[in-house]
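What follows draws every value from the coordinates through simple rules; no lab data is involved. Small disclaimer: the values here were computed from a predicted structure and weren't measured. Heads up, the Cβs are rebuilt from the backbone with ideal geometry, glycines too, and the neighbour counts pull from every protein chain shown.
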Amino acid sequence: MNKILFVFSIISGAALVLFILPLLNLFTQFLTITNSLHEDWAVLLRITFFTCEQALLSSFVAGVFGCALAFICFETRVVGVKVIAILSHVTFFLPALIVALAIVGVWGNHGWVGKFFPESGVYGWLGILLGHLFFNFSVYFRLVGQSLLESEKSEEKVALSLGANRWTVFWSVTFQKIKKSVIQSFFLVFIYCLSSFVIILILGGGPRFTSLEVAIYQAIKVDFNLKLAALLASIQLLFCFVAHLFSGTASEVRIGFRPRLQELIYQCRTGVGEKLVFAVTWFFFCLVVLLPMIYLFVKGGTSISKLSPNDILGTLKFSILLGLKVAIVSSFLAFSSAYLARHFRSEKVKRWVSFLSILPVAVSNMVFGAALLTWAPSFRDLGSEGLWGVVVIQALSALPLSFRIFSESFSKIENEIYFSAKSLGASHSQLLTQVELPMLKKSIASSIVTGLGISLGEVGALLLFESSGNATFSIWLFRLMGKYQFGEANAVGVLLLFTMVCIFLVKESWEH
Amino acid sequence: MHFFGERVMGTLTIKNLRVGRDSFQIFVKNISVQSGSILGVVGKSGSGKSTLLNAIAGFETLSEGEIHFNDTNLSSLPPEQRRIAIVFQRPALFPHLTVLGNVCFGLKIKKHSESVQKELAIPWLKKLGIADLADRYPHSLSGGEAQRVAIARALVVGFPILLLDEPFSGLDVELKSGARKALKELVDELKLAAILVSHDPTDIEELADEVCTLEKGQISGWLKKKS
């Protein structure tokens, strides 16, 4: 084994131990504490049932909307496909808090749309489904859309020429091609919804809508009951892990995705049909995605003068510093793992490295926070004001995306490049410094921006660990919403949104 | 023409070389290539031609056998210490380096100063007709230009052995003919021991001094051309 591979193995191994040991400890706790707990098992069962129920329903609703949108955008000629594609990127990267705030603003009792239906109320099922739909339709849109774009259309042409109508062609040919990506998207969204925290905490609106994630938070921060938190976290981890095994897809989420022109099989043949499809698509898209974003810009923009410039600068500094720490740790880990996955000879080892680097997708920040606190309570005080605990958790949540960025870039370096460099006398370290690192420059930047973005929008780890009163934009927003200061919250929301959009644009320009 | 390091002449010898696993193995009993000559290797797709080159260069682990250059046993050395230059079907240029940067790569690895690197590289760029491309990046080169850069990169380091894996397959007919001529002259001038793998009978006919046919991983025939 060469020296570089050895060093990266040690780094990845250490990170793996730090990741796996707390989770294993969680399961051991689960086995030992179930007898000593005096909780109401009926309540636990209800929470578990609700968690699964909302995740299933949310995945289904997001699936219907996302798949329909992908199909309409890539199989017909709807005006504004590019806008929809770009916005679907943005929604995926937006912090949940902003989404919750915007949904309350649009669909709440006094909101732009909600005031016309005052009896329905946004808190409860409507809010949860809308919140999850806002985020997750883009997973379906991108994965299913990618399959549609990559599939050849010759089979459809043959089926049409043999006399099949378009409906038959869709079910018997096109759907068969995209079936796998629909199923993969479903499980991925199911995991995201299982571990959804902010949307349920804010838009659930009551104890009846307590999910496992919210219950873990309450057990740690309100009841100070780490044993109960461990039990809840174990149950959640079990569900997420099983869904993750089914999906096997986290790595399939494309970071960059651009529509391209292709042959259209399902194009409407009448002008009226085309206009109808266009109108329906844009109506739903505006209601669910565009309106909440416009609301934030309008309301937040007018309220920004309510914030003190010192508070804004202080928060920006703290957010960026924390984000950079997270970005550097996650990028370093992801690079090490991707390097191992590229260079290890054994295919088995490569598969394991990839699997373990993607695994944090199945572990929410709240669950991992509970696991860390149960395993080593002193983590709460590590670093100044518990910040290292936050860095570890956020870095692990950014790891799968960063790993994806690096492993894709490594796979693009042809074997011949390595062979040429080696035949010219390059050692392993020279290969790394003079070939790989310069070639992966954009990926490194992109991974750092991803880590920064994830840290900026994250709330769970900070709520569990941060004790100094310092705040990122997300925490500031969370606190303002808790105090029902929605005017100021809107202003912070728009600042956060602006920062995220800037980060997203930088990332996009580097990737393409 | 300037070379980096001392030019060594001699014979490349391959004895009882076995590479691969149960499903596919190549076995070569005896090959020798002298400095200043080109051995052509022909065979159908999947016959093991590229695997043979990769094994000689050190990118495939040998199950048995030895590769020598004069008295030096190359098979025990890692690829970066074998002093074997290789040119692939695709030019495999480093995309982050300019043409000059690519050609200087091997010299930089040996920690030559920038002035020495340029001094050694520029004559090669001129010889291969790519001197005016020195500051361009690989993505802006045509297939023929890129392949000439790859050849310059392989030759500037002055290694005594040159392996060529279908080096002209991406070129059009006119470029091919010029490239063949240039290569033949270089091998003669630099006294390289070269092995050329090609599908194109004209490549073999014009360049190779000796030809071996590989079939299912084994040499099935030899042809020594009259000078």
Proxy exposure order for A:208, B:148, B:90 (fewest C-beta within 10 Å first) is A:208, B:90, B:148
The local net charge around residue A:108, scoring Lys/Arg +1 and Asp/Glu -1 for residues other than residue A:108 whose Cβ lies under 14 Å from its Cβ, equals +1
Which loop GluC sites (Glu not before Pro) in segment A:61-161, with loop taken from DSSP, have no more than 13 other Cβ atoms within 10 angstrom of their Cβ?
A:119, A:152
Pairwise centroid distance, computed over Cα atoms, of segment A:156-194 with segment A:388-404, Å:
34 Å
Loop trypsin sites (Lys or Arg not before Pro), segment A:308-382, which have at most 15 other Cβ atoms in a 10 Å radius of their Cβ (DSSP)
A:345
Do you know the relative contact order of chain B, to the nearest whole percent, from alpha carbon pairs under 8 angstrom that are 6+ apart?
32 percent
Whether segment A:177-248 is rounded, prolate or oblate, judged on the alpha carbon gyration tensor where a/c under 1.5 counts as rounded
oblate
Note the angle between two axes, namely the Cα long axis of helix B:99-109 and the longest principal axis of the Cα atoms of chain B, as a number of degrees from 0 to 90, rounded to the nearest 10.
70 degrees
Tell me the net charge near residue A:96. Cut-off is 12 Å between Cβ atoms, residue A:96 excluded, with +1 for each Lys or Arg and -1 for each Asp or Glu.
-2
Taking the Cα-to-Cβ direction at residue A:112 and at residue A:162 and moving 7 Å from each Cα, how far apart do the two end points lie in nm?
4.9 nm
Under 21 Å between alpha carbons: how many lysine pairs meet that in segment B:136-227, if sequence neighbours fewer than 8 apart on the same chain are excluded?
11
If the cut-off is a Cα-Cα distance under 27 Å, which lysines reach residue A:3, setting aside same-chain residues fewer than 8 apart in sequence?
A:325, A:348, A:350, A:412, A:422, A:441, A:442, B:108, B:110, B:111
Classify chain A from the C-alpha gyration tensor, please: rounded if a/c falls under 1.5, else prolate or oblate depending on whether a/b exceeds b/c.
rounded
Tally Lys/Arg at +1 and Asp/Glu at -1 over every other residue whose Cβ is under 15 Å from the Cβ of residue A:423; what's the total?
+2
Count of lysine pairs in segment A:40-303 with Cα separation under 20 Å (8 or more residues apart, or interchain):
7
Return the calculated 222 nm mean residue ellipticity for the protein assembly as shown, to the nearest 500 deg cm²/dmol, obtained by summing -39500 (n - 2.57) across DSSP H runs with n ≥ 4 and dividing by the residue count.
-20000 deg cm²/dmol
With a cut-off of 8 Å between alpha carbons and a minimum separation of six or more residues, what is the relative contact order of chain A in percent?
22 percent
At what distance in angstrom do the alpha carbon centres of segment A:286-307 and segment B:59-92 lie from each other?
64 Å
Quick check on chain B: take the gyration tensor over C-alpha atoms, sort the square-rooted eigenvalues as a ≥ b ≥ c, and tell me if it's rounded (a/c under 1.5), prolate or oblate.
prolate
In whole Å, how far is the Cα centre of segment A:424-458 from that of segment B:160-227?
39 Å
